[in-house]
There are 2 protein chains.
Amino acid sequence: MFSFTINKKLGQARTGIIKTAHGDIRTPAFIPVATKATVKSLTPKQLNEIGFDAILSNTYHLYLQPGADVVEKLGGLQKVSAWHKPMFTDSGGFQVMSLNESLCKVDDEGVDFRSCIDDSKHRFTPEKSMQIQRKLGADLIFSFDQCLDINADYETTKESLARTHAWEERSLVEFKKLNIDNKQALYGIVQGGRFKDLREESAKFIASLDFDALSIGSIFGDPKEESFALVKHAMKFLPEEKTKHLLGIGTVEDIFNYVSLGLDTFDCVLATRLARQGSIFLRPESGGNEENKFRYRITNVKFKESLEPLDNNCECYVCKNFSQGYINHLFKAKEILSNTLATYHNLYFFKKMMDEIRESIEDGGFVELKKKWLERN
Amino acid sequence: MFSFTINKKLGQARTGIIKTAHGDIRTPAFIPVATKATVKSLTPKQLNEIGFDAILSNTYHLYLQPGADVVEKLGGLQKVSAWHKPMFTDSGGFQVMSLNESLCKVDDEGVDFRSCIDDSKHRFTPEKSMQIQRKLGADLIFSFDQCLDINADYETTKESLARTHAWEERSLVEFKKLNIDNKQALYGIVQGGRFKDLREESAKFIASLDFDALSIGSIFGDPKEESFALVKHAMKFLPEEKTKHLLGIGTVEDIFNYVSLGLDTFDCVLATRLARQGSIFLRPESGGNEENKFRYRITNVKFKESLEPLDNNCECYVCKNFSQGYINHLFKAKEILSNTLATYHNLYFFKKMMDEIRESIEDGGFVELKKKWLERN
């Protein structure tokens, strides 16, 4: 059911199509995060209206609540969430370790951890992660890796990388056992912390395995130059023909930079989480830039009486219908609609930006577009 | 801009059309409450999709936040909320007294009260309420009354009624001064507590004034027979040709009963407030009845794995797309979407019921419809 086709290349940047059992994803694509099988505060109808091709849910969260068996009984992620287009799930590796680090114990077989909901004890192994992701039923799933603190020292990172590689091999074996109907596709994950040689080793190893698609993990974006250099180096060892996802990355600058390295898909909670805190993304024509991180706070009192839309150069439902004054009021009054409207706008911002990125790669204007957004080469 | 036309009568029940500057309201109608210029958790687009003709906002809440001047500067309630159909505002009289009763001081001129937001001091008079409602700009507004505890004794109620009548006369005088462009219409309010003779006195007095429309206030529905008898008695003294609103009433049983007395419009927070608590309205074909109050709790663990919709006999967006299992999960996970989906469904339930009520009055089947819903005469 899975395939990836490159449509057009411009330097390393490329456009393409990921085909899945639930339809196509036009790449480069931003994938909104639907942690617990819902992009917080939006209906799937609204997500469709914005025009997304795919969303990503978290295995860790769904395993704990409502449980993978429950999701399976309810018909799988797509049916349960009424999102009938492609879906990703991550492997749970990141959340297991990041949400309760002090209470998680790693051995070569897997990870013991405690639930962030009720403190109950659980264990994930590569096999378990594959079984859970099979039950959840997303089209695109990830192998189980160990997400290490990016600041871990060389020895710790090297040791962890060996374990991650073993886990990913086991993930692949288990995946092939489960995926007899060919419904799902599996992403391998390149790790290696902040060490160029380990990233290279990992890229070569992951590229040598029979994954459907590839991804790069534990890139947290800071310092930007170091992260960029690590990804750039790893990309050299990954086969061009496979689609590549960058896990958890999603600032405007990052997306432009990593698209130019040939990354195809990006998931990030930034757009949605910031929306719920009242941070509104702003297009470059409206003054969004790297310095203000392409956003501003609508909760500022200066917007109380503003008749302007969130962004004068945005054509989303929110900007066509509501004023900054109203949305400022909704946030002050703690109205649920504040979350819905801000999330809708922020996601539209990213959707539109990706549309422009794809078009610019197709028509040869990507470098100019990047310059327009980032005001530098 | 305002008119009311009766289309069809069946006993005292009737269908009609309220015309306003922002369009028509088909009556009998249920008016969802948009306290702070938003029906909590829904976009105006979703409200339109459900099919409502009008919503009602609260003067007290909007006066405190964001302020009537701010709403006016933002273009008035309809523009600010992007609800371009008819809107009501209440007078603030009920909230002034119910939200902070111990801190509110009534004299013949008006009411001193403290803000439920920051405890700041404020004063409402009939004139002030009219001025605020003018700034808010709803099509249909209410005169300023004193809402007394329904259990107040005869002497207290009689004294309060005299004051209410004086306040309503002053409301009318101020309204006529402000409404020179004829944009708004004013509802008088019948009070009189739980005393038949005071309700009669009030109905006669309010009917004698030049209000565009009429309403009955401080009917809290319990005990039902007593409330019903009071409204029934008051209705005898109100002119047939004016449209009549019943303030704050909105159970299924109440709506059927009061429609049969000739009431045209109803506002109530029940459908929306209960939705956010996980109470789901259920049609009679699906087992909704007076005993279960036409609702059930979706948060019950028994729905965890249910593939059924919220109501098998409902055709709303939620019931066509989502399972009880998913909505149970959303409530357990405290996801915002739980509120949106439950509110959407509950409001659709009331909208559909009102459609059926109007049709049944038009085609002579209202008594049968009422029997079907309430299983008694």
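The values are calculated or read from the model by the stated rules, or taken from the named source; none is laboratory data. Being a predicted model, the structure only gives us computed values, none of them experimental. Positions of Cβ are backbone-derived with ideal geometry, glycine not excepted, and every protein chain shown enters the neighbour counts.
The table below lists the values:
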| read-out | value |
| --- | --- |
| Residues being of a type in the set (A, V, I, L, M, F, W, C), assigned to a loop (DSSP other than H, G, I, E, B) and at pLDDT 95 or above - total across the range B:136-165 | 2 |
| Condition check for A:Glu226: at pLDDT 95 or above, assigned by TED's automatic domain parsing to the domain that holds A:Asp24 and either surrounded by fewer than 18 Cβ atoms within 10 Å (Cβ to Cβ) or of a type in the set (Val, Ile, Thr) (or both) | no |
| Candidates B:Phe237, B:Phe281, B:Phe256, B:Phe211 - the one that is surrounded by fewer than 22 Cβ atoms within 10 Å (Cβ to Cβ), touching a residue at least 60 places away in the same chain (Cβ under 8 Å), aromatic (Phe, Trp, Tyr) and farther than 25 Å from B:Met97 by Cβ | B:Phe256 |
| Total residues in the range A:124-167, condition of a type in the set (S, T, N, Q) and closer than 26 Å to A:Pro223 by Cα | 6 |
| Breaking point among (1) farther than 17 Å from B:Met353 by Cα; (2) of a type in the set (Ser, Thr, Tyr); (3) within 14 Å of chain A (Cβ to nearest Cβ), for B:Ser279 | (3) |
| Residue satisfying all of: in the range A:339-364; in a helix (DSSP H, G or I) and small (Gly, Ala, Ser); nearest to the other protein chains (Cβ to nearest Cβ) among these | A:Ala342 |
| Scope the range B:2-40; condition within 14 Å of another protein chain (Cβ to nearest Cβ) and among the basic types (Lys, Arg); matching residues | B:Lys36, B:Lys40 |
| So A:Gly325, is it at pLDDT 95 or above and either more than 29 Å from B:Ala275 (Cβ to Cβ) or of a type in the set (D, E, K, R) (or both) | no |
| Tally, over the range A:173-193, of residues that are crowded, with 21+ Cβ neighbours inside 10 Å and on the phi < 0 side of the Ramachandran plot | 10 |
| Some residue of the range B:122-140 being more than 23 Å from the chain's Cα centre (by Cα) and surrounded by fewer than 20 Cβ atoms within 10 Å (Cβ to Cβ) | yes |
| Number of positions in the range A:259-277 that are more than 18 Å from A:Ser227 (Cα to Cα) and surrounded by fewer than 20 Cβ atoms within 10 Å (Cβ to Cβ) | 5 |
| Of residues in the range B:298-326 being outside any loop (DSSP other than H, G, I, E, B), in contact with a Phe, Trp or Tyr (Cβ under 9 Å, 6 or more places away or on another chain) and farther than 14 Å from A:Val80 by Cβ, the one farthest from the other protein chains (Cβ to nearest Cβ) | B:Cys319 |
| Residue within the range B:81-91 that is farther than 30 Å from B:Asn7 by Cα, within 14 Å of chain A (Cβ to nearest Cβ) and among the aromatic types (Phe, Trp, Tyr) present | no |
| Restricting the range A:80-100 to residues that are surrounded by fewer than 18 Cβ atoms within 10 Å (Cβ to Cβ) and in contact (Cβ under 8 Å) with a residue 24 or more places away in the chain, the residue that is farthest from B:Ser338 (Cα to Cα) | A:Ser98 |
